[in-house]
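Bear in mind these aren't lab numbers, they're just calculated from the coordinates by the rules spelled out. None of these values were measured; they are calculated from a predicted model. Here the Cβ positions follow ideal geometry from the backbone for every residue, glycine too, while neighbour counts run over all protein chains shown.
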Amino acid sequence: MTRGPDLTTPAALEALIRVTNLLRKAEREALAQVAPGTGLAGLEMAELSFEAGGLNGLALSLLPDGVDLGEDQHGDPTGEDPRGLIRQAELATRERPIHEFPPGTTALVAALIDTTRDRCRA
């Protein structure tokens, strides 16, 4: 699979890398909160983890080949709120004008807004 074209600005690249790192962390944090016997709350966290993983995959597909994602793509859960991490990812997409991002970023932004609205209420 080939990745997206080079981004227009280094700042847009940094914002998109931050988005991928926040979403990957949200995926891990939500999954860590799924425990046997947790009922509906556990199911909601499992779904949130799955959704964050899908959003992360979409964000990763927008990055150019060989980009360094840093250490944040790996690591153990730290107990952070996965919903807050997804909200932060959505806010990171607002740091630069949309035309500075690669084609396809609008789909990511729309999906992040939907997820934030539907699953990440404060």
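Going by neighbour counts of Cβ atoms within 10 Å, the residues R96, R24 line up, fewest first, as R96, R24.
Arranged by the count of other C-beta atoms within 10 angstrom, fewest first, what order do T115, T106 take?
On the way: T115 22, T106 11.
Listing T115, T106 from fewest to most nearby Cβ atoms yields T106, T115.
Taking other residues whose beta carbon is less than 9 angstrom from the beta carbon of S49, and scoring Lys, Arg as +1 and Asp, Glu as -1, yields -3. Residue order for T116, T105, T9, T20, fewest other beta carbons within 10 angstrom first, comes to T9, T116, T105, T20. Screening the chain for DSSP H helices whose Cα atoms reach 20 Å or more along their own axis and whose mean Kyte hydropathy is at least 1.0 gives nothing.
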